[in-house]
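Inspection log for the structure reproduced underneath, given as structure tokens.
Each reported figure results from applying straightforward, stated rules to the coordinates on display, with no laboratory input. The model shown is predicted, which means the values in this text are computed figures rather than measured ones. Here Cβ is always computed from backbone atoms with ideal geometry, including for glycine, and neighbour counts include all displayed protein chains.
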Amino acid sequence: MEPLLPGSKFGTARGGRPQEFPTREIVNGIRYVLRTGCAWRLMPHDLPPWWTVYHYMRRWKRDGTWSRIHDKLRGDVRQSEGRERMPSAAIMDTQSVKTTSRGAFAVTMRARKSVDASVT
């Protein structure tokens, strides 16, 4: 994955701060949140701070890094299975569900009040 991740801005013409934490630890933090489903603020303290990990996750999502990683890994898996790197077809499945047999108007009608003689 390392060649697919953007490098640090440090030392480039654009400037920027040096990366404070190793990229591997940032990826580990992102994977931890995805795997456990915990809130960003509840990340363990042995990982980089949550705001740093969240920043990189959002930046990589915006610049297409995650899409490039996904495409590369999908191609590697397909190739290891003896198939072409890129799929030649796609399957889409949809399902239609009837809401009511009487039509849409029946759904919006107000329910009738039942009159109970025992309650006065």
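Selection within segment 41-82: residues that are under 14 Å from the mean Cα position of the chain (by Cα), free of Cβ contacts under 8 Å to residues at least 24 places away in the same chain and surrounded by 13 or more Cβ atoms within 10 Å (Cβ to Cβ). The member of this set that is nearest to residue 3 (Cα to Cα) is 66. Cβ-Cβ under 6 Å, sequence separation 6+ or interchain: first residue in segment 17-36 and without any contact (Cβ under 8 Å) to a residue 40 or more places away in the chain and closer than 15 Å to residue 6 by Cα, partner outside any loop (DSSP other than H, G, I, E, B) and of a type in the set (Phe, Trp, Tyr). Which pairs? Hits for this filter: 26/56.
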